[in-house]
Each structure stands twice: as structure tokens, then as C-alpha cells.
1. Within the bounds of the stretch 73-91, is there any residue that is under 24 Å from the mean Cα position of the chain (by Cα), within 24 Å of residue 128 (Cβ to Cβ) and either outside the structural domain of residue 183 (by TED's automatic domain parsing) or at pLDDT below 85 (or both)?
2. For the stretch 37-54, give me each residue that is on the phi < 0 side of the Ramachandran plot and surrounded by fewer than 17 Cβ atoms within 10 Å (Cβ to Cβ).
3. Test each condition in (1) more than 22 Å from residue 125 (Cβ to Cβ); (2) surrounded by fewer than 13 Cβ atoms within 10 Å (Cβ to Cβ); (3) at pLDDT 65 or above for residue 1 and report the one that comes out false.
4. How many residues, within the stretch 10-53, are in a helix (DSSP H, G or I), in contact (Cβ under 8 Å) with a residue 24 or more places away in the chain and farther than 24 Å from residue 123 by Cβ?
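The values are calculated or read from the model by the stated rules, or taken from the named source; none is laboratory data. What you are looking at is a predicted structure, and each value in this text was computed from that prediction instead of being measured. Heads up, the Cβs are rebuilt from the backbone with ideal geometry, glycines too, and the neighbour counts pull from every protein chain shown.
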């Protein structure tokens, strides 16, 4: 029997994750059965369960993948931030101007994801499910602690006296933006960014 290539395995896994994301966005976690995902993926039951034995495994994989990409982009934002330029006249310090610029980049990333990828809607479902499922709760806590840590690092590099506190607030601002875009609407990155700039000033 010929050995299945790593490329083939990766393609099948991608096929399942994409199908699961479509189903979860359309019907929610609890209204979507494993049979729904299997049908959407176009695979046999045996082939499907080889990759994901349970719905929780699917949710965990989607959460890790989506946030992993965001972490990479936030890392790039932190790495590219400059701290030796003269602060804009509207800000008191270089640190504030830098955080202002970095938040604009992060908001732009978030807005693009929410507008261009329906899987962003899964974030809210994952948050709610994490309160019910202890295992998923641990995973989500670990992931978002890492995301919050990126903002803490940014605040520390900008020279703030209390980087953990500043990082927590910046992280909360990002969560607030995502929730408002998904649940309420009527706000874009430019508007939200203007509000942050006003608060900083």
C-alpha cells in the first residue's frame, strides 16, 4: 500500500478545517453536527475521524490557527515600531505617538480579517464556548494571554512605567473593536482609531 504523502495529509486537514469553519459560521457550534462537517468536507467518515476525533478538536485547531496568524502579524508590528523619532505635535511623548501608530496598524489588520474572513465570527463563539468547556477555556486563556503579552511588550518598548497595565488596556480595546464590528456594526478602524487618539491626547 503506497505511503500517503505529507502534502496529501496537509491538504485533507485544510479541507476539513475550511468545511468546519463554513458550517460553524452558518449554524453555530451546537447546531452543527460532525455529520454536517463530514458532508461539507466531502470525505468518508473514516477519513474524517483520522484527523479530528471530536468537535472540540476541530474548534481547538481553528482557534489555534487563526490566532497564530494574528500573533505573527502583531509580532511584526512590534518589531517594526520605531521609538527614536520625534513625537507628533499632538502627543506629549514618543511613546504615545508610537502606541498610536501601532494601534492603527493592529486595527487595520483586525478590520481586514473581520471584513474578509467569515471565520472571524468564530471568535465570539469560541469565547462563549470557552466558558462552558474547561479544556477549551484553558486553550483560549493561553492563546489570549500570548496576544495580550504582545501588547505588553509593545508598551514596554515604548517606555511606559506600567507596561502590563497598558498592554491589558490595549488588548481590551482590540477585543472591543472586534465585538462592535461583529455585533453592532457602524464603526470602522478609522473611527475607532480617532477615538483612541483622542483618549491618548
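1. Yes, because at least one residue in the stretch 73-91 is under 24 Å from the mean Cα position of the chain (by Cα), within 24 Å of residue 128 (Cβ to Cβ) and either outside the structural domain of residue 183 (by TED's automatic domain parsing) or at pLDDT below 85 (or both).
2. Selection gives 39, 44, 45, 46, 47, 49, 50, 53, 54.
3. (3)
4. Qualifying residue count, the stretch 10-53: 3.
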